[in-house]
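The values are calculated or read from the model by the stated rules, or taken from the named source; none is laboratory data. Just so we're clear, the structure is a prediction, and the values are computed from it rather than from any experiment. Heads up, the Cβs are rebuilt from the backbone with ideal geometry, glycines too, and the neighbour counts pull from every protein chain shown. With ligands, DNA and RNA removed, areas are computed over all heavy atoms of the protein, side chains included. Shrake-Rupley method; radii C 1.70, N 1.55, O 1.52, S 1.80 Å.
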Amino acid sequence: MNKLSFSLLSIFLTVSTVLSPVYAERACHFPAIFNFGDGNSDTGGFTATFGSSPRFYGQTFFKGPSGRSCDGRLVIDFFASSLGKKFLHSYTDSLGADLSQGANFAQILSPIAVPQLILPKDTPPFGFNPVSYGVQFAEFVNFVDRSQRIRNQGGKFRSLMPRNESFAKGLYTFDIGQNDLAQGLFTNTSIDDIKKSLPALITSFTATLKNLYDLFGARTFWIHNTGPLGCLPYILTIVPTTDVDSVGCSKPVNELAQSFNSVLKSAVDKLRSELPKAAITYVDINSAYYSLYLESQKYGFERPLEACCGLGGAHNFGALQCGSTATVNGTQVTATPCKDPSKRINWDGFAYSEAANKIIFEKIATGNFSDPPNSPGMACRRK
C-alpha cells in the first residue's frame, strides 16, 4: 500500500469512528438477564404465587393472560428482545420454564422493604407483596445453586439452565421502589416522614446490589428510577388532592417520587466508586413516562389519567378492578377494557399499557435518558 492509499484509509477510519460509534465500541454480549422488581417488570411471578390473572390481561399481544399486569408486553419484554433474548421467564413459574438466558424475580406489588400492609387485601388501600426485594435476592441465591446442580447432573433439564459464567457476565436489571412510596401514603405517613426514610431504604437496595457484585461476580447493572407515581389512576383515586400540575398529576406525590430518585441517583454515583469494576447505568424512566403525559396527543393517547380497564370514578378506577364482576342495583356488571388500549397510557389503574411501554422502551433505547448515555446493548460501558 502506497503512502497516499494509507493516508486515505486512515482518514476514512477516523471519520467512520467519529460518525458511527459502532466502529469505536462493539456491542456488549450478555449471556443472560436477571431482573428484580415489581409489577412494571413481572412476567409471571405474582400469578404463579397468588393465582392467575383476570381475563382481558394480555389480550393485545399474548391473546390471553400471560402473568403480566398489562394488556401486552412490558418494557422488560422489549428490552430482552432488543438483546436477542427470549422473554424472561419468572423464577417462581416452573411450568414450561426455559431459564437458560436468565430469570425474572420481579413480582407485582413488591417493595424494597418488607411491607407493613400484606396481601391479600382486595380493597383500598391495597396490601403489598411479601416477596420483597430481599426475598427476590434470596430466590436468586437459591436459583444459582440449584441451576448449577441441575446442569452438573445432566439430563433433559440441563439445557434449560444458565451456564455458570452467565452469573458474572449477565446483565442485572432493576425496577423497584414505587410500592414503598405508595405504602407510606396508604398508612397516612406524612410525605416529609416518607422522605426521611428514603436514605435507609436506598441503602438496603444498594447493599443487595453489592452482594451480587461480591458474591456472584455481577458487573453490569441497569437501574430504573421510579416513575411519576402521582399520575397513576389508583394513586389519584386513593390519595386525592387538589394540588395538581398542568396535566392533572398529583404534585406532592410526584415530588415524593423525585425525592426517591434523587437519593437513588446519589447512591448510584457512590456505588461507582465503591465497585470500580462495575458498569452501572442509571435510567431516568420517570422523565420518559412523564413525557407521555405532557404530550399525550403527540403520541396518540386519549384520557391520559384514566385506566383503560376498570370501572368507576373520575379515573375509571375504584368501583371495580379490571376483569372483576359484581352485582350493582340488581344488575351484574363487569369491568371491561376500553375499545382501543393502544390509545391509553394506563391499562388497569396500576400499570402502563403495552402502547406506552413500547414508546418508553424506544425512548430509553436511545441512551438519552441514561447516565452514562448507554443503550441496552452498550450497558457494559462504564463511561
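Summing Lys and Arg as +1 and Asp and Glu as -1 over all other residues whose Cβ lies under 11 Å from the Cβ of Asn40 gives a net charge of -2. Of the trypsin sites (Lys or Arg not before Pro) found in segment 28-110, the ones in coil according to DSSP and having at most 12 other Cβ atoms within 10 Å of their Cβ are Lys63. If the segment from Ser197 to Val333 were pulled out straight at 0.36 nm per residue, it would be longer than the present Cα-Cα gap by 44.8 nm. In the chain, what percent of the accessible surface is made up of carbon and sulfur (1.4 Å probe, ligands and nucleic acids excluded)? Result for the chain: 54 percent of the exposed heavy-atom area is carbon or sulfur. Summarised as an ellipsoid, segment 57-128 has semi-axes of 25, 16, 12 Å, derived from the eigenvalues of the Cα gyration tensor scaled by 5 and square-rooted, with the largest first. Distance between the pseudo-spin-label points of Arg158 and Asn142 (7 Å out from Cα toward the beta carbon): 2.6 nm.
For the chain, the equivalent ellipsoid built from the Cα gyration tensor has semi-axes of 36, 25, 22 Å, listed from largest to smallest. For the listed peptides 26-35, 138-147, a ranking on the average number of other beta carbons within 10 Å per residue, highest first, reads 26-35, 138-147. Per residue, segment 238-375 exposes an accessible area of 43 Å² to a 1.4 Å probe, with every protein chain left in place. Among the trypsin sites (Lys or Arg not before Pro) in segment 259-317, those placed in a DSSP loop whose Cβ has at most 10 other Cβ atoms within 10 Å are Lys277, Lys298.
Under the criterion of Cα pairs below 8 Å and six or more residues apart, the relative contact order for segment 267-347 equals 24 percent. Across segment 302-383, the volume of the C-alpha convex hull divided among the residues equals 106 Å³ per residue. Label-to-label distance for Leu294 and Lys277 is 4.0 nm, based on points extended 7 Å past Cα in the beta-carbon direction. Simple spin-label estimate for Asp243 and Asp98 gives 5.1 nm between the two label positions (7 Å along the Cα-to-Cβ direction from each Cα).
Each Cα pair under 8 Å and six or more residues apart adds its separation to the average, and for the chain the resulting relative contact order is 16 percent.
May I ask for the angle, rounded to the nearest 10°, between helix 285-294 and the longest principal axis of the chain, with both axes built from Cα atoms and the value confined to 0 to 90°? Approximately 50 degrees, to the nearest ten.
For the peptides 322-334, 338-350, the ranking by packing is 338-350, 322-334, with the highest mean count of neighbouring Cβ atoms within 10 Å listed first. Helix 133-153 and the longest principal axis of the C-alpha atoms of the chain enclose an angle of approximately 50°.
In this model, which of Lys251/Lys383; Lys85/Lys210; Lys63/Lys85; Lys169/Lys265; Lys86/Lys156 are farther than 29 Å apart at the alpha-carbon? Table pairs above 29 Å Cα-Cα are Lys251/Lys383. No disulfide-compatible partner, judged by a Cβ distance under 4.7 Å, exists for the following cysteines of the chain: Cys70.
For the chain, the longest principal axis of the C-alpha atoms and the axis of helix 251-274 are separated by about 30°.
Label reach from Ala326 (point 7 Å along Cα→C-beta): in segment 34-64, amide nitrogens under 18 Å belong to 54-55. Once the C-beta distance of Asp214 and Asp269 is scaled by a Förster radius of 22 Å, the resulting FRET efficiency is 0.70 to the nearest 0.05.
By the rule of a C-alpha distance below 15 Å, with chain neighbours fewer than 8 residues away ignored, the aspartates and glutamates paired with Lys196 are Asp180, Glu255.
Beta-bridge orientation, the chain: approximately 35 percent antiparallel, per DSSP, counting only bridges with both partners inside.
Note: relative contact order over segment 222-314, using C-alpha pairs below 8 Å and six or more positions apart, is 40 percent.
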